[in-house]
Amino acid sequence: MKVPILWVFFFAAWLTPGLAGNAHPAAKPNIVFILSDDQAWTDYGFMGHPEIQTPNLDALADQSLVFERGYVAAPLCRPSLASMLTGLYPFQHGITGNDVDGNNRRAELDLPLREQFHSHQSFVRMLTKNGYLAHQSGKWWEGSWQDGAFTHGMTHGDPGRGGRHGDEGLAIGRKSMQPIKEFIEMAIGRKKPFLTWYAPFLPHTPHNPPAALLKKYTVPGRAADVAKYYAMCEWFDTTCGELLGYLDEKKIRKNTLVIYICDNGWAATSTNRNDPAQKLWKGYAQRSKSSPFEKGVRTPIMLSWPGRVQKERVQDLAHAIDLFPTIAAAAGLQVTGKLPGINLLDQQARTKRRRVFGVCHSVYNMTPGNPDGTLQYLWCVEDDWKLLLRYKGLDTTRYRQLHIWDKQPVRLYNLKRDPHEKNELSAMHPEIVKRLRKAIQAWHPISTPPSAKPVE
């Protein structure tokens, strides 16, 4: 029996929810992975910030499936990136902080953890094993670009030459976009699908934006650290515009999946000057980076693929661990084993999801072989509710943990009514606390429960 061509079209679209057109495109898509560094979920034009201007990311949002309620696995760059790459939680891949021992940042302490990390599959390794060219630039903690299975890159990863979290790769965006452009040109010439890992050191400190941008955001009554941060956010946006514009210039945008996410949040110290606990930390505001609060773990996540991914804004819960299975599905590749995340292009999977989870560990200390040894918090978001469970992780004299001041073992917030988590509600809703605590403990059982006693 001859099947009408229109029915073939609809059947193909049904097979892959979220994709418009064929389930298996003729050519594997290029993947452009854009990762900002230390930027709060509120700090974009398309997310409603009244002052920060991000016209290029706003335009990308207009062309994307936008998850306004995206989350990262950990509110700190190294474990956050490790979870994006592997699709695993920090207690699974072993990277829970930025250093094994913050007092002694020696390469020999870090090497076993890096080797363990690279024993896991990653979406980079999956793509390059299947014919992709892949370029690394910007933030990269786990050795060199070769260690990460990229075919090209910038970070050498040699501790003897200052390699720790990106070294030469950190020049991208701040100095030039040329290495990425040359890579894309080469991949086009070789007729190969490609991945670009664009993770610039932006808007991360040092906050030294171009003079014109700093002048634009320096206004009476605005603290200097806030003005510099605002300018850095727009500077990052400008570099994104240059990258996206180059895709258009080369006429490859239609077969390119652009992914945007941020590694963790950030807020200037002056925004929290009235909190007496702020004196414990001078680098940034409490309850932002390195914390389990929304300004630490929440981020918009965007997927843009013209003609393939429907443009819309959704309130579905999305997570950094979803990026690996999403990339695999878009490229028509199979993941080895089972990952905890979902394919974000699968609307049915998004609808079935009830909760997302995450962790918060010590910033500068890891305990190899015992990732929960430095655990500070476990958290869960379900619909409008968020529960935090506090644990007493490792502390050191030199590197005081950022949230050691938080002596409350359980915290509950209604994010719809209170998105900035000002009103703690655990005493008013014990049944919700009980349900979410049970969900957290089923997700990641811990032998030692949150202490009922205050953390000293």
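Computed from the coordinates by the stated procedures, all read-outs in this text should not be read as laboratory data. A quick note: this is a predicted structure, and the numbers were derived from the prediction, not measured. With ideal geometry, Cβ positions are generated from the backbone for all residues, glycine too; neighbour counts draw on all protein chains shown.
Here the dipole of the chain is about 560 debye; that uses its Cα centre as origin and unit charges on the Cβ of Lys and Arg (positive) and Asp and Glu (negative). Based on Cα atoms of the stretch 26-142, Rg over Rh with Rh as the Kirkwood radius reads 1.01.
Scalar couplings 3J(HN,Hα) for the stretch 137-145, obtained by applying the Karplus form with A = 6.51, B = -1.76, C = 1.60 to θ = phi - 60°, are 8, x, 5, 6, 9, 9, x, 8, 5 Hz; x denotes Gly and Pro.
Centroid-to-centroid, using Cα positions, the stretch 345-380 and the stretch 203-246 are 31 Å apart. Helices of the chain meeting both criteria, an alpha-carbon length of 27 angstrom or more along the long axis and an average Kyte-Doolittle score not below -1.0, with helices taken as full DSSP H segments, are 224-249.
Report the calculated FRET efficiency for K338 and Q146 (r = Cβ-Cβ distance, R0 = 22 Å), to the nearest 0.05. Rounded to the nearest 0.05, the efficiency is 0.20. Annotation note: trypsin sites (Lys or Arg not before Pro) in the stretch 285-391 located in DSSP loop regions with a Cβ neighbour count of at most 12 within 10 Å are K338, R354.
A cut-off of 5 Å between modelled amide H atoms, ignoring neighbours fewer than 5 places along the same chain, links D43 with no other residue. Computed over the stretch 78-222, the range of Cα coordinates on each principal axis works out to 52, 47, 29 Å, biggest value leading.
The value obtained for the stretch 29-354, namely the Cα convex hull volume divided by the number of residues, is 135 Å³ per residue. The label-point distance for Q348 and A107, in a model that sets each label 7 Å from Cα toward Cβ, rounds to 5.0 nm. If you take all other residues with their beta carbon under 11 Å from the beta carbon of P29, and give Lys and Arg +1 and Asp and Glu -1, the sum is +4.
Put simply, the amide H of W385, placed in the peptide plane, has neighbours under 5 Å in L415, leaving out anything fewer than 5 places away on its chain. Can you give the FRET efficiency to the nearest 0.05 for H49 and Q178, using r as the Cβ-Cβ distance and R₀ = 35 Å? Computed FRET efficiency for H49 and Q178 comes out at 0.70.
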